[in-house]
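Read through the structure below, which is laid out as structure tokens, and then see the notes.
The values are calculated or read from the model by the stated rules, or taken from the named source; none is laboratory data. These figures come from a predicted structure and were not determined experimentally. Cβ placement follows ideal geometry from the backbone for every residue including glycine, while neighbour counts extend to all protein chains displayed. Remember, those area values only see protein heavy atoms, side chains included, never the ligands or the DNA or RNA. Shrake-Rupley method; radii C 1.70, N 1.55, O 1.52, S 1.80 Å.
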Amino acid sequence: MKQVSNMANTSNGSLATLLILFTILAAINTGAAQFPVQSQNLIADNISVVEGETATISCRVKNNDDSVIQLLNPNRQTIYFRDVRPLKDARFQLVNFSDNELRVSLSNVSLSDEGRYVCQLYSDPPQEAYANITVLVPPGNPIIESREDIVREGNETEITCTSMGSKPAATIRWMKGDKELQGKSKVEATYDRMFTVTSWLRFTVMREDDGVPVVCIVDHPAVKDFQTQKYLEVQYKPEVTIKVGFPQGLIREGENLELTCQAKGKPQPHQVNWVRVDDDVPSHAVITGSDLYIENLNKSYNGTYRCVASNSVGETYADYILYVRDALTTTPKPTTTTTTTISATTSPPDITQDAAPSTEAAAHDSQAGPEAQRLDHAVIGGVVAVVVFAMLCLLIVLGRYFARHKGTYFTHEAKGADDAADADTAIINAEGGHNNSDEKKEYYI
């Protein structure tokens, strides 16, 4: 009891000392008020600090006249009176003290330190300024989840991102590749003044999204570049294309055809088939894997040939339309045709020699490629023109022949008829008579 009484006496003595000090300061201020002085302004700034870091509180005075500055906590307890710290909290440390400023640091800030701190200036009248400390709590690592790990092309997927334990509440944004998408968010407050934010993103998946990252970005004043991501895995139907191995250009009878079916999908196609639309594939066609080979083509093979590829997602196909043209034929030269028509006595060796260039021309035509069709038309036109010309020449020759053999024909049998009285006498008086008839034979051509 004696010790308690001593402590009470000590406390009363300290209070008495403070009261005396305040009285002296008030008297000084009262005397100073009798003289004109410049106005004093007390200034303090609000502070935002991340939990666990250090906050600095500054009480600044403009035109101070030696008035006393002190700093109080949100519970109105004195932290510093001038350069003296009555509050026994070692986290508060004096940074600077002068006539114009009292600056104090608070280390290892926690949520309990949040509130309004008071700067007091013992002037006449007394002044106060307030510094609000806001404690920021960064969110934990965001958690991203999807409804399914593998998505089929054309289906809708949903991805969720959750940010927990932040103060204030975080904001969530979404990126798919380099394109920003809009999600829906919900904010929940917890019992310890923290916030949990959940955001949902829904979109339809295309095959171009396969391997593209979907990024959840968390925006919060306590952190920067806080994000997590998930790569999309998309399954899609095969893409089918048909490549022609040979021939190149126009396809003619007697040639061979090779087609290759190229199919790509996810997963890879497990089956590739060749069919002929509305008909059967030729019996001698050879199908090896994705290749179709048909030899000795003819026009009966014309039609649509289809390559069908399938995987677990579905099946797709591509079509190839086959159109076989006539084979290139050997066409004689126009000059050879004219000679043969007019001169019927042309020797067989000459015909052989004239036909040889035609054979070479036909061989050249078979290799003409895309120009073969136009060459055929030109040759046919030339042959028709030559035939017409030959027929005209033949008509002229026949006309001249008949013109030369038209009129009266005179023979030696009628010689002497002018002097005879009648026909019998003329025959008897004819030169040579009947006795020489065997020697005077006439030939008609």
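ARG207 sits among other residues whose Cβ lies under 13 Å from its own Cβ, and their net charge, with Lys and Arg +1 and Asp and Glu -1, is -2. Here THR134 sits with roughly 50 square angstrom of accessible surface, probe radius 1.4 Å. Of LYS243/LYS264; LYS88/LYS224; LYS184/LYS224; LYS237/LYS299; LYS243/LYS299; LYS179/LYS264, which ones are farther than 24 Å apart at the Cα? From LYS243/LYS264; LYS88/LYS224; LYS184/LYS224; LYS237/LYS299; LYS243/LYS299; LYS179/LYS264, over 24 Å: LYS88/LYS224; LYS237/LYS299; LYS179/LYS264.
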